[in-house]
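The values are calculated or read from the model by the stated rules, or taken from the named source; none is laboratory data. Worth saying up front: this structure is predicted, and the values here are computed from it rather than measured. Here the Cβ positions follow ideal geometry from the backbone for every residue, glycine too, while neighbour counts run over all protein chains shown. When the accessible area is computed, the model is the full protein with side chains, heavy atoms only, and any ligands, DNA or RNA have been set aside. Shrake-Rupley method; radii C 1.70, N 1.55, O 1.52, S 1.80 Å.
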Amino acid sequence: MVFGNEKMMMTLDYENNLNISSLVLNGEEVLDTAGIYSVIKTKDASYSTLHLLAEPVIKITGNVIFIKHIVYGDATHRLNEAWKFTVSVRDIKLDINRTISNKIVAEQAALPVFIFRNINTWEGAYQGYGGLAWFYLFNKPLDTYGVHSNSSQFWNSKTSNGLSIIVNAPSQEVAMSYSRTANDKLLYSIALSGNEMQPRFDSLTYRKRFINGRTDIWAPFSMPAGTSHQSITFSYFNFNDKYSRGTFAGINGSQVNSVLNTIARIGVIDKEHFGGNSWHTPFGPICLHEQYIAQLGVAINDERYLTGYQQCLNFYRDNAVKPDGRVWARWAYTNEDIMPGKVTDKGFYETQWGYLLDANPDLVSNVAELYDQTGDLAWVKTHQLSCEKVLNWILKRDSDKNGLVEMMTDNHKQKRGSDWIDIIWASYENAFVNAKLYHALVLWAAIEKQLGNNERSNYYGQFAAKLKTSFNKPVTAGGFWDNDEQCYIHWRDKDGSVHGNNMVTPVNFMAIGYGICDDPLRIKIILDNIENQMQKEQLFFWPVCMHTYKVGEGNDWQFPFPDYENGDIFLSWGALGVKVYAAYKPELALKYVNNVLAQYAKDGLAFQRYGRIKQDGLGDDILSGNSLTVVGLYQAIYGINPLYNRFYLNPHITEALAGTQIKYHYRNQQLLVELAMNNYAVSNKRFKIIAGNDFGFYSSANELLYFKGSDAIASIKVKTALNSTLTLYIKSYSSNKISCKQSSTDAHLNKLIYSFNALKPASYYTVCVNNQILKRMKSNANGSLLFNYKTSKEPVVIEIENK
């Protein structure tokens with residue numbers, strides 16, 4: 001029996017078996033001949049709809065196909081299913097009722113299983129929480145990846161074909177797994193259970209989501225006698241249409257898309273488990289001491305990633321924060337990396353290398369930056385107490401009250417790490433951790449103010465200011481600036497000795513990028529010195545340090561220089577590197593973006609790091625942070641920054657990038673960002689703002705808001721009719737004079753109510769339209785001016801001057 005719609009055709013075989021033997025998507029066959037069917041395996045037997053005990057009964061009514069009496073199993077375990085296909089223009093829905101005669105202890109269950117023609121039929125499958133099963137990493141037969149998701153979006157960028165599968169199973173937990181078969185097919189299984197499916201491996205931990213050499217990723221589970229129901233909705237989508245990011249001028253847009261479609265997502269191991277290391281990594285670590293997991297969402301630009309990360313941070317809040325406020329630094333599949341005795345039943349732990357204190361500020365930074373992207377104030381309020389506790393724990397570590405918090409060790413000779421560079425023995429006052437803390441304090445102080453807690457906001461803001469002052473002092477005065485080496489150092493021991501004055505790039509990038517260093521001369525010195533060394537060595541990307549640490553300052557096997565954290569190339573600092581160079585010399589920032597894209601074309605960036613000498617990929621800890629250079633392209637060069645109350649655009653483009661048009665999803669709206677030199681625009685279906693410098697954009701059903709520069713309060717508010725369109729071109733905006741141009745495509749004149757803000761309070765202004773005086777008005781006590789006007793197809797110049 002063949003049925004379907006314009007984009008999707010199924011063939012159902014039902015003679016002594018029942019399976020979907022063919023699925024043709026947009027003219028392409030995607031299934032192997034075994035196709036889609038139900039299968040349950042126990043220790044002693046295997047039951048499948050490929051082997052029925054009786055002929056099923058078929059009935060067709062309009063666009064609905066009923067198949068009943070699908071009986072399989074044996075005398076002890078008899079299963080009876082009823083399938084109902086409902087065909088519509090957009091999708092095909094399969095409802096399955098399943099009755100089991102007696103309890104089954106299943107070793108494996110696929111309800112159903114899909115066998116796709118080839119491991120390369122699909123490039124990947126997006127999960128309901130925003131993660132990715134990337135089949136490029138299934139390099140060996142029987143590689144298997146298991147997740148807790150109720151949906152999967154299979155896609156292929158070359159054919160543009162996409163298949164969405166959504167499972168609804170009332171009162172049951174849904175899990176999915178993906179395997180490369182022995183003959184290089186792709187096997188996709190849907191498992192259902194009354195409780196959340198548990199991983200089978202490893203012994204004593206049972207947290208492993210990726211295994212080699214077998215397909216039984218889930219532990220055995222009980223399937224009770226009785227009847228259950230599930231529905232599976234199949235729908236086609238055009239991948240390149242759905243995930244198109246726009247038009248990229250002067251850069252390889254295909255590679256930008258590919259990096260963000262793949263590498264950027266692979267740190268999402270499973271539902272509630274987001275990090276930087278991929279699920280493919282053998283021991284599967286998540287580093288909670290990484291501040292850029294939320295930041296990845298800016299360029300991934302998928303609501304599912306944001307919602308999934310909200311759920312993850314809720315899980316971390318409830319399970320990864322100790323009662324005293326210390327954040328467990330890591331989570332992993334196994335316990336091989338733990339500090340003895342320092343691990344929870346959920347898998348969170350302190351690492352063997354030392355107490356990595358940046359986990360505390362990084363948790364807060366991720367909450368804050370995710371809030372900026374979602375604008376969900378109710379959600380961030382649920383994190384207020386935990387973030388305060390987390391910050392207060394680390395702020396108490398400023399024993400000498402100089403604004404710089406101290407690590408758990410006093411001296412590098414104790415041979416313990418304290419930050420992301422975990423086998424460099426940074427101790428006592430650590431610039432790396434304090435820079436991250438400054439970033440978190442600035443972000444969280446602003447959120448405390450929004451939540452109405454001015455006292456805490458002021459406290460965090462004052463601590464940040466004190467930290468900044470001490471940070472910038474020369475090392476001779478207790479700070480981190482080394483006048484001799486012209487860089488910020490990594491740390492100082494308690495005895496006052498200075499360490500890591502070898503131009504540690506993350507430390508210096510954070511100092512500049514987070515606003516600690518705002519001295520133009522220092523910024524120039526740091527960035528010029530780094531670039532000079534890059535040119536000298538002809539490196540494609542910034543290494544973790546430009547020169548060697550001293551012997552004894554890190555784990556011995558990293559010497560001689562360069563090796564691993566003593567000089568190798570880690571791409572995870574790309575967003576910060578691009579940010580600091582974009583503000584200084586955008587052409588340099590763009591150069592390193594292009595270098596990373598070229599490297600992606602060679603090897604997929606599927607490594608932990610790159611060697612300094614050969615610039616070759618090394619390490620099996622594949623990092624999603626390898627995509628952060630492209631995130632920097634979005635945030636710092638294109639200037640795309642979604643904030644809690646506005647879409648903030650602050651480009652630093654070059655001539656080569658002029659003509660770029662980025663499609664961007666923001667708060668359930670499709671925005672178009674258009675970039676030309678000194679001419680930037682943001683628009684949706686009805687409203688558009690154009691300006692020659694940075695600005696914020698926000699719109700609702702009948703209101704358009706313009707934010708001058710980085711201001712958090714709207715400078716212009718325009719209320720419109722519900723169906724009106726409006727374009728505003730902002731020529732200039734100051735408290736003395738405003739000049740803008742409006743136009744509209746409205747067929748009829750519609751009323752506009754303008755509110756111009758941030759003016760001089762109680763002052764007189766003259767309002768002119770097309771050089772004709774409209775009225776003279778007095779601003780109110782808040783410095784706002786309100787007046788009515790109307791839409792017009794012809795451009796209208798509005799000028800307001802304090803006179």
Note to self: With a cap of 10 neighbouring Cβ atoms within 10 Å, and only residues DSSP puts in a loop, list the trypsin sites (Lys or Arg not before Pro) found in segment 609-643.
What the structure shows: 614
Margin query: Please report the spacing between the Cα centers of segment 612-626 and segment 683-717 in Å, no decimals.
Written below: 41 Å
Next item on the list: Find, among the trypsin sites (Lys or Arg not before Pro) in segment 69-110, those assigned to loop by DSSP (not H, G, I, E, B) with at most 10 other beta-carbon atoms within 10 angstrom.
Entry: none
Next item on the list: Arrange the peptides 424-435, 439-450 so that the one whose residues have, on average, the most other Cβ atoms within 10 Å appears first.
Entry: 424-435, 439-450
Next item on the list: Take the alpha carbon gyration tensor of the chain, find the square roots of its eigenvalues, order them as a ≥ b ≥ c, and report rounded if a/c is under 1.5; if not, report prolate when a/b exceeds b/c, else oblate.
Entry: oblate
Next item on the list: Per DSSP H run of at least 4 residues, take -39500 (n - 2.57); add these up for the chain, divide by its residues and hand me the 222 nm value, nearest 500 deg cm²/dmol.
Entry: -6500 deg cm²/dmol
Next item on the list: For residue 41, list the lysines whose Cα falls under 23 Å from its own Cα; do not include residues on the same chain fewer than 8 positions away.
Entry: 68, 103, 185, 208
Next item on the list: Go through 396/468; 579/688; 473/585 and tell me which ones have a Cα-Cα distance over 20 Å in this structure.
Entry: 579/688; 473/585
Check: So which of 401/536; 663/731; 342/413; 466/717; 717/803 end up more than 30 Å apart, counting from Cα to Cα?
Finding: 401/536; 466/717
Check: Mean separation of Cα pairs under 8 Å and 6+ residues apart, divided by the residue count of segment 644-772: what relative contact order is that in percent?
Finding: 16 percent
Notebook entry, point to check: Taking square-rooted eigenvalues a ≥ b ≥ c of the alpha carbon gyration tensor, is segment 698-768 rounded, prolate or oblate, where a/c under 1.5 means rounded and, failing that, a/b exceeding b/c means prolate?
Noted result: prolate
Check: Carbon-plus-sulfur fraction of the accessible area of the chain, 1.4 Å probe, in percent?
Finding: 50 percent
Margin query: I want the local charge near residue 375. Using Cβ-Cβ distances under 11 Å, sum +1 for each Lys or Arg and -1 for each Asp or Glu among the other residues.
Written below: 0
Next item on the list: If a/c stays under 1.5 just call it rounded; otherwise compare a/b with b/c (prolate if a/b is bigger, oblate if not). Do that for segment 148-196, with a ≥ b ≥ c from the square roots of the Cα gyration tensor eigenvalues.
Entry: oblate
Notebook entry, point to check: If the cut-off is a Cα-Cα distance under 15 Å, which aspartates and glutamates reach residue 719, setting aside same-chain residues fewer than 8 apart in sequence?
Noted result: 703, 746
